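The values are calculated or read from the model by the stated rules, or taken from the named source; none is laboratory data. Since we're looking at a predicted model, the values are computed, not measured. Glycine gets a Cβ as well: all are built from the backbone with ideal geometry, and neighbour counts include every protein chain shown.
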Amino acid sequence: MVLFFKILFVTVFLSLAPLRNSYAFSKIKSDEPTSLPSVLKADTVEGDKLNNSLIANGNVEVTRGNSVIYADQIIYDKSQTTFRAIGNVKIKNIEIGNVTSTKADIKEDFSSGAFSNSVLVLNDGSYLTSPIIERKTPQITNLQSSIYSICPNPEISKDNELAGKKRDMLSIKSSNVTIDRGNEVFKIRGGVVRFYNVPFFYTPFLQAPLPSNKRKSGFLYPSYSKNTRLGVGFNIPYYFNIAPNKELTVTSSIYPSINQVLIKNDFYHIASYGEYRAILEAANNEVPQATNIINSAQSKKDYRWHLKGGGVFDFTHNIGLDFSIDNTSDAAYLRDYHNDFRSYSLSKLNVDYIKKRDYYAIKTIRIQEFEEISTDSKSDPLILPQIDTHTEIKPFFYKEKLSLTSNTTVISRESGAQYRRATFIPEVNLPINHNGNLFNIGAKAQGDFYSLENNFKYSQPTNDFDSTQTNYKPEFSVNWRLPLVKRSESHTITIEPMANFVSSSYKKTFQKLPNEDSNNNELTISNLFTSDRISGFDRNEAGERISYGAKSSLFNSYGEYALTLGQSLRKSDSSQDVVIRGFNENNRSNIVGMVSYKAIKHLYLAYSFHLNESNYRNEINEVIANLDYSRFTFSTNYTFLRQNKQNLEEREQINSVATFKINEKFSTKATISRNLITGRNLNRSLGLYYNGCCTVFGFSVTESNPTNLITPQRSFNISLSFKNL
């Protein structure tokens, strides 16, 4: 029969020495923030008045705070305030983990003790074994002749009895281990690192962090790389835990064969209203002159650098800021050190205010040109400022939508055209629903005001615009669509015919106005029914045109089947220095469309096309396929453009990415980008990755071969890290 007694009666029952099963010890001083009583429970509790002790037998349990001792027998010495636990000793939640032992002598407040033939299982499932564990203070614990199984193991974390049942992949056998909770580290002396119990490395001293969620400063594991241009390299990262919301990782990349060093500083900060990251990489410019690059011009600077970063901030519900930085010391930096052949980089800062449908933003944008290595940086444009606004006004009469959009842009160059423009676009839209026919009647007028300056200090003039220019571009449009739906028990069919009529004009001769923000565009199914298919403000699609087509879909138990077709017809067109590819000489566009299938799960297929309006030949073709099935994922994009008057060269290219999860720990990834006309692999890579309980390993081979390379650029990367070291 189980009996429970309160602490108030302990003195009386000690003198009678009865059988009892619950005992609460008096409070004593300890290093803990609050001194808590220890509570003992057992099948029987006997008092020894002569030795001033208690002897508890059978399912003995001693609890103090969150820590618990289990044993077959526990002897409590009241004079010394110590426990002696004997037989199947288990100590649960002793700060860093659990302990099993054959015998233990412990102070009542758990501040110190000694354990015989023990196993200490850490919170992440890694563990240490030792014939003698001595807990000197709550902060310091020593283990003699220990074996440290460093691999985190979720199974052992759940069931401590599994510790030592199997051979450990990676362990360290040492003469002495000190666990320092104050500094949260292991200090291992005389350690022999073993792979499945086979010794392969000796270290006289090794310090490793205790398993925890806390970040700590220290070296991260190095990685190895080999590059066709730079040779063999070693990457050595060091992590600085600056503050709970700040961190810095400094990575030294060393290429001994050419005495090349890159220092990469990666700083991350979580601030009060957002977060940002800044990455500064600096190099000592020992990279050899390129021989496999068509344009091999190279910077002569002693030191070169690349600054990259970005951040997002939300100051209030309506006000936000975001920025991105991508800037280099010279146009060849990314090409020389990272095999990156992009034509430009972009840095921007944006502050915006959004409330319902109203929007206000101020931006600054810096463009760094890389198209030609010899490009004069004095001609790089700086956009400061760019101001965008959009305001909607409540309807006055019916359901009309009134809005005013404006854009102000100033582009400065140290040498070149100085560009200043202000644009205002009042617009009205009237939505009408007549028996299911959805109409939208719209009208707007764009007014542009230019202030220009030809400031060519270091280069030849490319234009001769008047200093002050204006332009006026009115537009009228009517959109119509009729959604039709038919449902049955097994499927749903939707058909939506659509039409769009637009009439607009471009009052000024385009040769008299600069073009800084508009480019050629291509007719697609996504812009077929838009009123203006030329982006930007300097150029607009002008003339009278009508677009017509239909969207249709079928839903059933197998997924969704969709087909969209359409065509655009120009009644008149104002020729400009930008074009919309997809129109023929008779002002009738190709037939554009897309066929797609989306399964309930696993598979997505889409085919986008242009059919020549006269002979229905497929001029433009794009196929997208995505497969996501259990352990295997695959995505591919195939593009085929036939040669015609708008596309002077036939182009055919495929890009594919495949990943395969071999098992719970191993995975592979392969990518390829291939020009099918020339048979040239533009880029391809293959990687093998391992994420085990103990180690993280990665090996990858990459080959880049863009058109401005004479021979491919190859690189090899190997990384290996141990989770608890």
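Annotations for the structure displayed:
- Test: residue in segment 524-543 that is touching a residue at least 12 places away in the same chain (Cβ under 8 Å), assigned to a strand (DSSP E or B) and crowded, with 16+ Cβ neighbours inside 10 Å: yes
- Residues of segment 642-667 satisfying the condition of being under 22 Å from Gln713 (Cα atoms) and exposed (fewer than 14 other Cβ atoms within 10 Å of the Cβ): none
- Wholly enclosed strands (runs of 3 or more DSSP E) of segment 37-135 bearing at least 3 residues without any contact (Cβ under 8 Å) to a residue 24 or more places away in the chain: 53-64, 67-77, 82-92, 97-107, 113-122, 127-135
- Single match in Phe323, Phe370 (criterion: free of Cβ contacts under 8 Å to residues at least 60 places away in the same chain and in contact with a Leu (Cβ under 6 Å, 6 or more places away or on another chain)): Phe323
- Taken over segment 704-725, residues that are surrounded by 15 or more Cβ atoms within 10 Å (Cβ to Cβ), part of a loop (DSSP other than H, G, I, E, B) and polar (S, T, N, Q) amount to 2.
- Residue match in segment 494-501 (condition: in contact with a Phe, Trp or Tyr (Cβ under 8 Å, 6 or more places away or on another chain), crowded, with 20+ Cβ neighbours inside 10 Å, assigned to a loop (DSSP other than H, G, I, E, B) and touching a residue at least 24 places away in the same chain (Cβ under 8 Å)): no
- Meets criteria (within 30 Å of Gly182 (Cβ to Cβ), modelled with pLDDT under 80 and assigned to a loop (DSSP other than H, G, I, E, B)) for Leu19: no
Matching residues to (1) outside the structural domain of Ala332 (by TED's automatic domain parsing); (2) basic (Lys, Arg); (3) in contact with a Leu (Cβ under 7 Å, 6 or more places away or on another chain); (4) over 26 Å from Ile242 (Cβ atoms):
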{"position": "Tyr255", "(1), (2), (3), (4)": "no, no, yes, yes"}
{"position": "Glu275", "(1), (2), (3), (4)": "no, no, no, no"}
{"position": "Ile279", "(1), (2), (3), (4)": "no, no, no, no"}
{"position": "Asn285", "(1), (2), (3), (4)": "no, no, no, yes"}
{"position": "Gly309", "(1), (2), (3), (4)": "no, no, no, no"}
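- Positions within segment 165-180 being closer than 22 Å to Thr141 by Cα and either touching a helix residue (DSSP H, G or I) at 6+ places or on another chain (Cβ under 8 Å) or surrounded by fewer than 15 Cβ atoms within 10 Å (Cβ to Cβ) (or both), in sequence order: Ser175, Asp180
- Thr141 being assigned by TED's automatic domain parsing to the domain that holds Asp77 and either among the acidic types (Asp, Glu) or farther than 27 Å from Lys665 by Cα (or both): yes
For every residue, the table says whether it meets (1) under 22 Å from Ser635 (Cβ atoms); (2) of a type in the set (D, E, K, R); (3) not in a loop (DSSP other than H, G, I, E, B).
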position	(1), (2), (3)
Ser553	no, no, yes
Tyr561	yes, no, yes
Thr564	yes, no, yes
Leu569	no, no, yes
Asp577	no, yes, no
Ser596	yes, no, yes
Tyr604	yes, no, yes
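- For the condition at pLDDT 85 or above and in contact with an Asp or Glu (Cβ under 9 Å, 6 or more places away or on another chain), Phe110 does not qualify.
- Taking the conditions (1) in contact (Cβ under 8 Å) with a residue 24 or more places away in the chain; (2) surrounded by fewer than 18 Cβ atoms within 10 Å (Cβ to Cβ); (3) more than 30 Å from His306 (Cβ to Cβ) in turn, Leu382 satisfies each one other than (3).
- Any hit, segment 194-203, residues being surrounded by 15 or more Cβ atoms within 10 Å (Cβ to Cβ), part of a strand (DSSP E or B) and modelled with pLDDT of 85 or more: yes
- Some residue of segment 240-256 being buried (at least 17 other Cβ atoms within 10 Å of the Cβ), touching a strand residue (DSSP E or B) at 6+ places or on another chain (Cβ under 9 Å) and aromatic (Phe, Trp, Tyr): yes
- Hits in segment 513-532 - residues which are hydrophobic (A, V, I, L, M, F, W, C) and closer than 25 Å to Asn621 by Cα: Leu523, Ile525, Leu528, Phe529
- Within segment 573-631, the set of residues being in contact with an Asp or Glu (Cβ under 9 Å, 6 or more places away or on another chain) and at positive phi comprises Gly582, Asn587, His602.
- Checked against the criterion of being touching a Pro at 6+ places or on another chain (Cβ under 8 Å) and either in the same structural domain as Ser253 (by TED's automatic domain parsing) or among the polar types (S, T, N, Q) (or both), segment 330-348 has at least one qualifying residue.
- Condition check for Phe267: over 21 Å from Asp340 (Cβ atoms), among the aromatic types (Phe, Trp, Tyr) and either in the same structural domain as Tyr333 (by TED's automatic domain parsing) or at pLDDT 95 or above (or both): yes
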